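Structure, as structure tokens:
The values are calculated or read from the model by the stated rules, or taken from the named source; none is laboratory data. Quick caveat: nothing in here was measured; it's all calculated off a predicted structure. Quick reminder, even Gly has a Cβ in these numbers, built from the backbone with ideal geometry, and neighbours come from all protein chains shown. SASA here: full protein model, heavy atoms, side chains in, ligands and nucleic acids out. Shrake-Rupley method; radii C 1.70, N 1.55, O 1.52, S 1.80 Å.
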Amino acid sequence: MKAMTIARFGGPEVLAYRNVELPKPGRGEVLVRVMAASVNPRDWVVQEGRYRFKAFLGPFPLTLGSDFSGVVEATGPGASRFGPGTQVFGLQSKMGAFAEWMAVPETLLAIKPDAISHTDAAALPCAGLTAYQSLVTLGKLESGQSVLINGGAGGVGSYAIQIARALGAKVTAVASARNAELCRQLGADNVIGYAATDFTQHVRGQHIVLDAVGRSSFARCRAALAPGGHYLTTVLTGQAALAALKTATLSLAGLRPRRCHAVLVRSRPADLDALMALMLSGKLRSVIADTFPLAQAPGALARSRSWRTAGKLVLQMEQAAQHT
């Protein structure tokens, strides 16, 4: 089968589109015929060797990609949740989605409804779960509250605007001028152009500030938060980790500080089901910036690395066309 792999960490030169052995599902795993896989910043961060948990990735050659949608082809010993022919999607933290087939634990999977395309489903897991777990699990967002999303047109931000809107929140998005209309279409009540205005100097009273691009620290955003509000960043830094620990300690002491959270996304099928329910209701959609064949994954990774993409980039497998 074909896969996009790396044999060592490095720049674009380490990417190789090559034949690899078809994986065999182990205990509790299923073999998925991948129809689509989406690109996330973590893919090129892993490629460059900057991922903080490299020990969990497995040996070289390493197949990139964590988001996928496809069809179960076979089941391993002890796997019984999904039979062959079931359409599924999910997030595999150990990577492997930039391939025509992948073996994945069935506990990470959720069912993809027929009404949702493989492209839209593949775009959802990492970015959608990050947005959902930031706003719902950590931020405990409620109807009537105010939320600011820095990076509103990106993968995480585009989902976060819609989720916050579906929960009844008042949404302010920070984005480039060219993406302001997209943010409004997704449900933002207000849009701030980051090139013209420093939101940390003007915005106040937010229950949540979600920094989906990691460019505004907790210290800078503290004044924008309401008492007891939550600052969440998707970019883990030492400064953010220390601030998260300190504010968590104050909260455990019975105080009501403004909280800092470094968001570490987890693959939870129940959360994937909740996101898919929002999609089926028409309250959530994947914003697809562009699609690429698997062989052109290096170009998709380069575009993701530019940080100038509105929405998601998705790889479509050649076999997807043959399947449909």
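Data for the structure
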item	result
Tally of residues being surrounded by fewer than 19 Cβ atoms within 10 Å (Cβ to Cβ), of a type in the set (S, T, N, Q) and either in a helix (DSSP H, G or I) or at pLDDT below 95 (or both) across the stretch 175-189	1
The stretch 204-227: number of residues that are open to solvent by 20 Å² or more (accessible area, probe 1.4 Å) and not in a helix (DSSP H, G or I)	8
Hits in the stretch 291-317 (condition: closer than 15 Å to F68 by Cβ and either of a type in the set (A, V, I, L, M, F, W, C) or in a helix (DSSP H, G or I) (or both))	F292, L294, A297, A300, L313, V314, L315, M317
Residue identified as open to solvent by 30 Å² or more (accessible area, probe 1.4 Å), over 15 Å from R285 (Cβ atoms), under 21 Å from the mean Cα position of the chain (by Cα) and modelled with pLDDT of 95 or more among T130, T137, T172	T137
Given (1) within 23 Å of the chain's Cα centre (by Cα); (2) farther than 30 Å from T5 by Cβ; (3) of a type in the set (A, V, I, L, M); (4) modelled with pLDDT of 95 or more, index of the condition I288 fails	(2)
Residues of the stretch 260-274 that turn out to be assigned to a helix (DSSP H, G or I) and either surrounded by fewer than 20 Cβ atoms within 10 Å (Cβ to Cβ) or acidic (D, E) (or both), as a count	5
Scan of the stretch 173-207 for residues that are of a type in the set (S, T, N, Q) and within 30 Å of A37 (Cα to Cα), ordered by number	S176, N179, Q185
Among (1) aromatic (F, W, Y); (2) in a loop (DSSP other than H, G, I, E, B); (3) open to solvent by less than 10 Å² (accessible area, probe 1.4 Å), the one test that F89 misses	(2)
Selection status of T119, hydroxyl-bearing (S, T, Y), touching a helix residue (DSSP H, G or I) at 6+ places or on another chain (Cβ under 8 Å), surrounded by fewer than 23 Cβ atoms within 10 Å (Cβ to Cβ) and touching a residue at least 40 places away in the same chain (Cβ under 8 Å)	no
Test for F98: is it at pLDDT below 95 and aromatic (F, W, Y)	no
Tally of residues being modelled with pLDDT under 95 and out of contact with any strand residue (DSSP E or B) (no Cβ under 6 Å at 6 or more places or on another chain) across the stretch 49-79	12
Qualifying positions in the stretch 97-130 - of a type in the set (V, I, T) and either assigned to a helix (DSSP H, G or I) or touching a Leu at 6+ places or on another chain (Cβ under 8 Å) (or both)	T107, I116, T119, T130
Close pairs from the stretch 148-166: first open to solvent by less than 10 Å² (accessible area, probe 1.4 Å), partner among the aromatic types (F, W, Y) and part of a helix (DSSP H, G or I), Cβ under 7 Å, at least 6 apart	L148/F199; I163/Y132
